[in-house]
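Note sheet for the following structure.
The values are calculated or read from the model by the stated rules, or taken from the named source; none is laboratory data. The structure presented is a predicted model; accordingly, all values stated were derived computationally and were not measured. Remember, those area values only see protein heavy atoms, side chains included, never the ligands or the DNA or RNA. Shrake-Rupley method; radii C 1.70, N 1.55, O 1.52, S 1.80 Å.
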Amino acid sequence: MSTIHRGLILVIPLVIIVLAGFAVIAYNCLGIGLIDECGFCYISEIQDTNGNESSTVDFHDVSFTFLHYNLPMYYDENGTAYTLVDAPNTAHFMLMYSDDKVEYLSLSMEGYVPLRPNSPLRPILGNHTSPRADVATAFAPDLHFKWVLLVSV
């Protein structure tokens, strides 16, 4: 066996292991990730407020409906409303499962926080067990005031 063949036999498995490890760590790489609180999950594309219009996404047999997004408000003595940009905002969701169970989740997204690339996902856990479905955000630039949908593998 030539030296090139021996080298390939060693390099190819190493490349596969590195790529698989990266895919587990980078939640937006392959659409499947290992989340501490949930285990292995399917991870959706990044979702946003859609102009605060209700919208539904069917993802791995779970129907996720974004209901609305609350911005915290401050009212002065004249009744004038001001948005508090550094206070936590809340996105509200309704999840419907194939067995007709319905669940409501509220995802709090912090105001001004330090953003870090590769920040871990912070899920809001649902109670349904099969499949388990959650909504998550992170302190990452691509998920700032946005979220992803999670469904257990």
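Entry for region 86-153 at q = 0.15, 0.17, 0.20 Å⁻¹: log10 I(q)/I(0) = -0.50, -0.62, -0.79, Debye formula applied to identical alpha-carbon scatterers, no solvent contribution. Distances between placed amide hydrogens fall under 5 Å for Ser55 paired with Phe66, all partners being 5 or more residues away or on another chain. Each residue was assigned an accessible area with a 1.4 Å probe, and for His92 the value is about 40 Å².
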